[in-house]
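The structure appears right after this line, and notes come after that.
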Amino acid sequence: MDLNNVLSQLDAANEEQIEKLLQQFNRENSHTFIFEQKEETLRSKLCQTVLTVLGRQVQPSCQRTCLETLRILSRDKRVLAPVATREGMLVLGGLAGLHAAEEEDDNQRSSQEDTQSEEEERVVVEALKCLCNVVYNSPAAQQVSVDVQLAHGLCASMRKARTWHHEVGLFTLRLLFLLSALRPDLRGVLRREWHAVRLLAEVLEHTLDVHWVGPYEAARPDPQALPMPAEDNERAMEALKASFNLTLSYNGGEEDDHQFRLIAAILRHLLMLKTETEEKTEEAHSHAVNLLNNLPVSCLDILINVPVQGGQEKYGGKNMDAVQVLLDFMEKRIDKGSNFKEGLTPVLSLLTEGSRHHREIRRYIKAQVLPPLKDVKIRPEIGTTIRNKLVRLMTHVDMGVKQTAAEFLFVLCKESVDNLLKYTGYGNAAGLLVARGLLAGGRGETQYSEDEDSDTEEYKSAKPFINPITGHVEEPMPNPIEEMTDEQKEYEAQKLVNMFDKLSRQNVIRPMGVRPDGTLAPLEETLCEPPEENSGSDSD
C-alpha cells in the first residue's frame, strides 16, 4: 500500500473514508514487525495524522481503527516522535481511561465505564496496547508518562479491578510493569503516594480468588476444583511482575510489615494452585519465587505457619507443603539443564535464606536434600538424587550458579566445613571454602541450633576408607612405585620437582599455601609467616 497515496487521501477524507483507508493499511501490515527505512518519514507523518483524527470527536469504531494503525506503527521506535509528546500521550491516556483525577470523581467514572459498549471497550484495550508499545520503545514517551502522571491513572484503574474485563486488566497491569521497570525513579512515588503495592496485592487477592480463614491464612484450594483459568493466570503474572519491580531493593518499615506478610500469604496460596498446563504452573511459581526473594526473610515463616494434620511433629507442627513445592520446582529447573542463572538461582537463593533464618525449613529441606549417608562407594556428584545434582552444580562454569548451589548446601550443613565435606568431598567444596576463607576448616558466621546430626552405621564403618578429596570410598589402586628401587624412586621424585619448578617459573602454575586464618596465599608467603604466638606457653 503506497503511503504517499494514503496520506494524500486522508487529508481530504471524511470519517467513514478514513476508517476504510486505515482498515486496509491494518490488514496489509498486521504481521509486519520490520519496516523499510526509506519510508520512515512517511510513517511518522501517518502517526501524526492518526493522532490528529483521534483528537477529534469520532465514532468508537473509527477510534479503534486509528488505534490499531498506531499500534502497528509503534512497533518502529524511529517514528514515535509525534506520539511521544504531551499531547500525544494525553490523547492515548484519555482513550485508555487512565484519568489521574481526584478520588471523588471515581464513582461517577466507574458508572460510566460500567455502561461502556463492547466497541468502546475495544477502544480502551487498543489504547492500552498502543501505550505499552510506545512506552517500551521510546525513552521520550517514558519521560512524558511521568510528567502527565500516567502511573497515577493506572493506580486509579486498579481500584476498580473487580469490574475489569480481562484485556483491560491485562494491559493495565502490563503498562504498570513496563513503567516501573523502565523508570526506577517512579517506584518510590508509586509505593508512597499511590499505594501501588497494596493495590497490586488486592488485584492478586481477587484474581486468585483468595478467601481468608485466619490472619495471613488463605483457605486451601479444593483438590477437586478446576485449574485456574488461563485469563486469570495471565493477569496474575502481570501483577506479580509489577509487584517485583516495586519491592526490588526495598526493605520497607514497620508499617509495611503487614503488607509484606499479606503478600507472602497470597504467594503461598498461589504455590498451591494448578493452572491449565504444567508450563503455565511453572511460570506462575517462577514469578512467585522472584517476588518472595524481595520480601524480608522474616516473612517466610508465613509459608509454614498453616495448620497441618499429623506427620509434621518433628518440624514443630509446621506445614511444609509450600516448601515441598519450592523443592520440586528447584529440581525441575535443574533437570532442564539450561538458563540456570535466571531460572535456578532465584529459588536456590530463596531456599538458602529460608533455611538460614528458619530452623524448621532448614531441617525439612535437609531431610529431603541431604539424608543420612549410607552408600559412600559412589562419588557425590554421580547419580540422580537431588544431592548429586546440586553437587554437580558446585563445579558449574557459571560462577554465580556455582556459588549459589554451594552456599545452599553449606547452610543445610549449618555452615560446618566438616559436614559439608562429608556430603560433597573436598574437591567439589574447594571453591566455596576459598571464597569464605575456610580452607583450614571451621564454621561460617551464622549461629545455628545445637541439635546434632547422627551418622548411619554404614557411614561410620566406611568413614576411615573415604577419600576426603572425592568424598567416596575408592577401589584400591596398584602402587606404581612398589617394584622400583630406591634409585628409581629418587629419580622420579627429582623429575617431578623439576617439572613443577619449570611450570612455576613460566607462571603456568603458582604454588599456594593456606594461612592460619584459612585463606589462600602464595606458598612463599605462608612459609615466611611467623607461627601464631601462644601467650600461655613458655619460650625456649
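Whole-Hz ³J(HN,Hα) for each residue in the range 4-17, computed from phi via Karplus 6.51 cos²θ - 1.76 cosθ + 1.60 with θ = phi - 60°, x for glycine and proline: what do you get?
Per-residue couplings from phi come out as 4, 5, 4, 5, 5, 6, 5, 4, 10, 8, 8, 4, 5, 5 Hz.
Could you tell me the ratio Rg/Rh of the range 161-285? Both radii from Cα atoms, Rh via Kirkwood. If you can, show how the numbers build up before the last one.
Details: Rg = 14.5 Å, Rh = 15.1 Å.
Ratio value, two decimals: 0.96.
Rolling a 1.4 angstrom probe over the protein heavy atoms, how many square angstrom per residue are accessible across the chain?
53 Å²
With a 1.4 Å probe and every protein chain kept in, tell me what percent of the accessible surface of the chain is carbon plus sulfur.
Carbon and sulfur: 49 percent of the exposed surface of the chain.
Using only the alpha-carbon atoms, how far is helix 166-182 inclined from the longest principal axis of the chain? Give it as 0 to 90 degrees, nearest 10.
Helix 166-182 sits roughly 60 degrees off the main axis of the chain.
Enter the angle in degrees (range 0 to 90, nearest 10) between the Cα long axis of helix 486-505 and the first principal axis of the Cα atoms of the chain, meaning the one along which they spread out most.
Around 30 degrees separate the two axes.
Using all C-alpha to C-alpha distances in the range 336-376, build P(r) with 10 Å bins and read off the rounded percent in each one.
Per 10 Å bin, starting at 0, the Cα pair percentages come out as 26, 38, 33, 3.
When the helix-only estimate is applied to the chain (DSSP H runs of n ≥ 4, each -39,500 (n - 2.57), divided by the residue count), what is the mean residue ellipticity at 222 nm, nearest 500 deg cm²/dmol? Could the numbers behind the result be given before it?
Details: 26 runs with 316 residues, N = 540.
About -18000 deg cm²/dmol.
Taking the structure as given and computing semi-axes √(5λ) of the Cα gyration tensor in Å, which label from (i) 48, 26, 18; (ii) 40, 28, 21; (iii) 60, 30, 21 fits?
Computed from the coordinates, semi-axes √(5λ) of the Cα gyration tensor in Å corresponds to (iii).
Determine, from the Cβ-Cβ distance of Leu3 and Val58 and an R0 of 22 Å, the FRET efficiency 1/(1 + (r/R0)^6), rounded to the nearest 0.05.
Plugging the Cβ-Cβ distance into 1/(1 + (r/R0)^6) gives 0.55.
I'd like the accessible area for His206: 1.4 Å probe, protein heavy atoms, all chains in place, Å² to the nearest 10.
His206 exposes around 60 Å² with every protein chain in place.
Can you list residues from other chains, or at least 5 along the same chain, whose modelled amide H is less than 5 Å from the amide H of Gly518?
Ala440
Relative to the longest principal axis of the chain, what angle (0 to 90°, nearest 10) does the C-alpha long axis of helix 254-271 take?
Tilt relative to the chain: about 90 degrees.
A 26 angstrom limit on the alpha carbon distance is what I want to check against. Which of Lys274/Lys402; Lys341/Lys389; Lys314/Lys374; Lys422/Lys495; Lys77/Lys160 exceed it?
Among Lys274/Lys402; Lys341/Lys389; Lys314/Lys374; Lys422/Lys495; Lys77/Lys160, the Cα-Cα distance tops 26 Å for Lys274/Lys402; Lys422/Lys495; Lys77/Lys160.
Report the Stokes-Einstein translational diffusion coefficient (µm² s⁻¹, integer) for the range 307-400, Rh taken as the Kirkwood radius over Cα pairs, at 25 °C with viscosity 0.890 mPa s.
Values: Rh = 14.5 Å.
The Stokes-Einstein estimate is 169 µm²/s.
Could you run the Karplus curve 6.51 cos²θ - 1.76 cosθ + 1.60 with θ = phi - 60° over the range 363-369 and give me ³J(HN,Hα) per residue in whole Hz, x for Gly and Pro?
Computed from phi, the couplings for the range 363-369 are 5, 5, 5, 5, 4, 7, 8 Hz.
Sort Phe33, Phe260 from largest to smallest accessible area, using a 1.4 Å probe on the heavy atoms of the protein chains.
Descending accessible area places them as Phe33, Phe260.
Quick check on the range 387-481: what does the Kirkwood estimate of hydrodynamic radius come out to from the alpha carbon pairs, in Å?
Numbers: mean 1/r = 0.0694 Å⁻¹.
With all distinct Cα pairs of the range 387-481 included, I get 14.4 Å.
Each residue of the range 197-213 in order: what ³J(HN,Hα) in whole Hz does its phi give by Karplus 6.51 cos²θ - 1.76 cosθ + 1.60, θ = phi - 60°, with x for Gly and Pro?
In residue order, the calculated couplings are 5, 5, 5, 5, 4, 5, 4, 5, 4, 6, 5, 8, 6, 7, 10, 7, 10 Hz.
Quick one: ranking Trp212, Trp164 by accessible area, 1.4 Å probe, largest first, what do you get?
Sorted descending by solvent-accessible area, the residues read Trp212, Trp164.
From Cα coordinates alone, what are the radius of gyration and Dmax values for the range 391-444 in angstrom?
That works out to 9.7, 27 Å for Rg and Dmax.
So how much accessible area does Tyr448 have, in Å² to the nearest 10, using a 1.4 Å probe?
40 Å²
Label the range 112-217 by shape, choosing from rounded, prolate and oblate, from the square roots a ≥ b ≥ c of the eigenvalues of the Cα gyration tensor; if a/c is under 1.5 it is rounded, and otherwise prolate applies when a/b is larger than b/c, oblate when it is not.
oblate
The values are calculated or read from the model by the stated rules, or taken from the named source; none is laboratory data. Because the structure is a prediction, the values reported are computed rather than measured. Ideal geometry is used to build each Cβ from the backbone, glycine not excepted, and the neighbour counts take in all protein chains shown. Just so you know, the surface numbers come from the protein's heavy atoms only, side chains and all, with ligands and any DNA or RNA stripped out. Shrake-Rupley method; radii C 1.70, N 1.55, O 1.52, S 1.80 Å.
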